[in-house]
Amino acid sequence: MPGTLYVVATPIGNLEDITLRALRILREADVIAAEDTRVTRKLLSRYDIHTPLLSYHRYSGERRTAEIIDLLNEGKNVALVSDAGTPGISDPGHELIAACIAEGGRVESIPGPAAVITALVLSGMPTARFVFDGFVPRKNRERQDYFASLRGESRTVCLYESPTRLVKTLQTIDQQLGDRPIAVVREATKVFEEVFRGAAREAAAHFGDARIRGEIVLVIRGGECRAEPVQNADIELCLRGLIESGLSERDAARQCAIELGIPRRAAYATAIGMKSR
């Protein structure tokens, strides 16, 4: 595979946030594989770049991946871009990168903007240890369980969220994590950039009456480390009380996980073990 797949980071908002190297690669590549060709054309037009475009998105499927691999095998250089930021971060670029590596191909990263790093820095939260966990779960129960699982997380947590679900997510954070400090970073680097810092309840009130638009990153401060790990005896005691109150093993395990801040699968495994005795 003599061709090279260039993973090119592009601006997350302000089109001036692009490196000289990225512009050179976009000009010199034989083809640009873009998540949305309409979005990428705006960037190319700004810098008078006329490289041919090829769509590559979550619905492209294995056929389009194979086409790009064929281009690389023919000696063509392909620049991979997403709509904004660094390809492969919560977008389908990862599949193409993995496929290229599996074929023994050459992959080069052209570093640049990433929304999660921008938001983390703007939040003012500790940056020495952090975790990026992608998009917040959509379903209510999964969302509740997810944030309950963060009670014992000591690292700063960064998440993506949709404007339409932001307020519900903030309410869930308030229910499960209380007054834990958070930051909501909206439209970073763009004209209407907004950074809200405070408690989730305050953020829910702030955004509740507004028509929210744009890209959003949530940053949540880590909690205190648990002094001692939860013992199996503690899990069993919690489960017995919940089951005696009338809950099924499954529902008891779910509630136990929330109350003790442990993985639901661990609570469920303990419940099944108690039942088999």
Would you kindly state how much longer the chain becomes between His206 and Ala98 on full extension, computed as 0.36 nm times their sequence separation minus their alpha carbon distance, in nm to one decimal?
34.8 nm
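If you stretched the chain out fully between Glu67 and Glu28, how much longer would it get, using 0.36 nm times the residue separation minus the C-alpha to C-alpha distance?
In short, 12.1 nm is gained.
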Pairs over 31 Å Cα to Cα, from Lys42/Lys168; Lys42/Lys76; Lys139/Lys275, come to Lys42/Lys168
Starting from a Cα-only point model with no solvent, please compute log10 I(q)/I(0) by Debye for the range 168-260 at q = 0.14 1/Å.
-0.69
Relative frequency of Cα-Cα separations exceeding 35 Å in the chain, percent:
34
Neighbour count of at most 12 Cβ within 10 Å plus DSSP loop: longest chymotrypsin sites (Phe, Trp or Tyr not before Pro)-free window in the chain:
60-191
The computed P(r) of the range 116-220 puts the percent of Cα pairs beyond 19 Å at 36
Summing -39500 (n - 2.57) over every DSSP H run of at least 4 residues in the chain and dividing by its residue count gives a helix-only mean residue ellipticity at 222 nm, to the nearest 500 deg cm²/dmol, of -13000 deg cm²/dmol
Taking 0.36 nm per residue of separation and subtracting the Cα-Cα distance, what length does fully extending Glu74 through Glu142 add?
19.9 nm
Within the range 138-175, which residues have the backbone N less than 15 Å from the label spot 7 Å out from Arg250 along Cα→beta-carbon, could you tell me?
141-142
What does the highest-first list of 87-95, 106-114 look like by mean Cβ count within 10 Å?
87-95, 106-114
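If you take the alpha carbon radius of gyration of the range 232-275 and divide it by 2.2 N^0.38 Å, what ratio comes out, to two decimals?
0.92
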Equivalent ellipsoid semi-axes, the range 4-113, via Cα gyration tensor eigenvalues times 5, rooted, Å
20, 14, 13
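Taken together, the values in this text are just the output of simple stated rules run on the coordinates, not laboratory data. Computed from a predicted model, the values in this text were never measured in an experiment. Every residue, glycine as well, gets a Cβ built from its backbone with ideal geometry; the counts of neighbours run over all protein chains shown.
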